[in-house]
Every structure is written in C-alpha cells, then in structure tokens.
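What follows is one structure encoded as structure tokens, with my remarks underneath.
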Amino acid sequence: MPELPEVETVRRGLEPVMAGQRIATVEQRRKDLRFPFPANFTARLSGRTIASLGRRAKYLLADLDDGQVLVMHLGMSGSFRIGGEIPGVFHHDRSKAAVHDHVVFRMQNGAEITYNDPRRFGFMDLIPRSELAAHALFRRIGIEPLGNELDGAAVAKAFAGKAAPLKAALLDQTLIAGLGNIYVCEALHRARLSPRRAAGTIAGGGKPTPRSDRLAEVIRDVLVEAVEAGGSSLRDHRQTDGALGYFQHRFRVYDREGEPCPTPSCKGVVRRIVQSGRSTFFCGECQR
C-alpha cells in the first residue's frame, strides 16, 4: 500500500491541474470500489470547483466550493494519471485497460484525470467539511508527522506507558498518522532504536527524552527525503506521470536482509524478522 510520501507525491502531482479548477464532468464506470460510491456521485461533483487539494494521513482531500470534501484513498494499487502518461526517468507502463479505469474527472481547464485501480481496494467518498474531523475515517487519526505537532514531546506523550514494541506503536495510526512499514524501518535504523524495544522506554514518563527527540527528528527527515524523491514507488505505486521515484535506492535497511549495516563503524548485518505479520528490517548491533 502506498505510504504517506507516495500519497503526498500524488497530491503534488494532481494539485496543478485540480486545485482552483472547475470539474466539468465526471465519468463513473462502476458502482463501487472497495465501498460503493456515494449516491449521485457524478452529479454532486460535476460543476463544482476544487478550492484546494490536501492530504490527511494517507487520504487525499479535495475541498469543494459547496462545503463538501471529496475523500480519495488509493488502497493497494490505485493511481491517477493526467491525460496520457508522461515518460519519467524510470518509466514503467501501467495498466490502461478500460476495465481498470474506474473514474475519469474532466476539468474545465482541459485536463483529464483518470483513476485506475486493478485491485479495487481504493475508494472515494463525499463528506461535509464540517463533519470531517468527527467522521469514522478521521476521528481517531493521530498527529501528522510532517506537521509542526511532531516533536520529542509529542512522541513521549503518545508512547508513555506503552509496552507494545516500538515498531507497532509507530504503525498505530491513532498515535502518528500515515507511517507505514517501509519508513518506520528506515526511521528506526537512523535513530538507532530497536524495533523490538518497548515503546514506553523512550517516553520518559511522558516527558521528552534524547531518544524521543531523535526519533521525531529522523521520522521527519526520512519522510521529507522520500517526498522530495517522488516516493518509493514500490510495486503498484507510480507518480501521477508514471515515473518511478528514487528513494528506494536510498533504503538503508528495508529489503536489504543479509547486507552489511550502512552505519559507519558498525560491523552488523541487516536482519529480517516478522512483527505482527509484517517484515521488519534492522541491525541488531547498532539498534538498541
């Protein structure tokens, strides 16, 4: 599933052709994706202007001029393309079969934006902006890791008293929003913290500690670098122009089992273990 940097990459790719633009028509080619489309979906969108295009955790949020928000989630294999694919540095073809092109937004500015989803795990919904924060999709989502809220104090407060492994706590969307398996592995390695360590041990009883400060710092660094690189683009994810991102070539530990630890002076080897059904990559020597 695309993680936060991939979703932010998609948002940035769509923003120039969607934000501030009027939707001329919408073509809906099936009645559902993961969930049914909202009633009168195309009629409620046609003629509306997208005031802004934002993101909350792994959701894309298109604020409309009537107070509604078009909520879009990419699921496992969802992607957008703008017109035809524009070749990128690492271009890979995506499915263009009409059976996988489920929604087409035709903008008044001439842009045609197609949502393609072979596995159909993504979805779209329309929610009043006034009700968004309290909606079931959003009311329990934690702080944004790219916002000003994330610092050592916030991490310490979130993890205080938690016996769960540190990796599990970081993947808990009710604590910090949008973090996924790849970037948690990368952040923990940079912070030199073991994914098996109890989360509460870096919390200092709810007060910031050097470990919580460092973890907050590297989470932000990893995500910013990944966004700037265009997302990791693993498996099904592509940028909106079809180009692969570069960050997968910067992974320190993710999917590098058996390779030497890249930490200077560390003689450890990257290991793989399974936590909660997910692969965890880490160095047992320098991550404590």
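Read-outs: derived from the displayed coordinates by stated rules, not from any lab. Everything quoted here is computed from the prediction, not taken from an experiment. So basically every Cβ, Gly included, is an ideal-geometry build from the backbone, and we count neighbours across all protein chains shown.
At a 10 Å Cβ-Cβ cut-off, how would you order Cys261, Cys283, fewest neighbours first?
Ordered by Cβ neighbours within 10 Å, fewest first: Cys261, Cys283.
Quick one: if the Förster radius is 25 Å, what FRET efficiency do Glu257 and Thr174 give, using the C-beta to C-beta distance and rounding to 0.05?
That pair, Glu257 with Thr174, gives E of 0.25.
Calculate the dipole size of the chain relative to its Cα centre from +1 charges on Lys and Arg beta carbons and -1 charges on Asp and Glu beta carbons; express the result in debye to the nearest 20.
The dipole magnitude comes to about 900 debye.
Counting other beta carbons within 10 Å of each Cβ, put Arg252, Arg48 in order, fewest first.
In order of increasing Cβ crowding within 10 Å: Arg48, Arg252.
Using Cα centres only, tell me the gap between the range 143-165 and the range 36-57 in whole Å.
Using only Cα atoms, the two centres lie 32 Å from each other.
How big is the gap, in Å, between the Cα center of the range 178-213 and the Cα center of the range 113-129?
The range 178-213 and the range 113-129 have Cα centres separated by 33 Å.
Under a Cβ-only charge scheme (Lys and Arg +1, Asp and Glu -1), can you give me the dipole magnitude of the range 152-283 about the Cα centre, in debye to the nearest 20?
For this selection, approximately 600 debye.
Any idea how far apart Cys266 and Arg48 come out in nm if each label point goes 7 Å out from Cα toward Cβ?
In this crude label model, Cys266 to Arg48 measures out at 4.7 nm.
What number does the range 152-283 give for Rg over Rh if you use C-alpha atoms and the Kirkwood radius?
0.97
In terms of Cα to Cα distance under 14 Å, which aspartates and glutamates are near enough to Lys167, apart from those fewer than 8 places away along the same chain?
By straight Cα distance, Lys167 reaches Glu186.
In which sequence would Asp117, Asp125 go, from the one with the fewest C-beta neighbours within 10 Å to the one with the most?
Least to most surrounded, the residues fall as Asp125, Asp117.
Could you list the residues of the range 140-180 with an amide nitrogen less than 12 Å from a label point located 7 Å from the Cα of Ala198 in the Cα-to-C-beta direction?
160-166
For each pair in Lys162/Lys267; Lys162/Lys207; Lys207/Lys267, compute the distance between the two Cα atoms and list the pairs where it is over 24 Å.
The pairs that break the limit, which is 24 Å between Cα atoms, are Lys162/Lys267; Lys207/Lys267.
Kirkwood hydrodynamic radius for the chain: how many Å is it when counted over pairs of different Cα atoms?
20.0 Å
Could you size up the charge dipole of the range 4-131 around its Cα centre, putting +1 on the beta carbon of Lys and Arg and -1 on that of Asp and Glu, and report it in debye to the nearest 20?
220 debye
Towards the positive end of the charge dipole of the chain, with charges on Cβ (+1 Lys, Arg; -1 Asp, Glu), say which of Phe37, Tyr59, Ile219 has the farthest Cα.
With unit charges placed on the Cβ atoms, the residue in question is Ile219.
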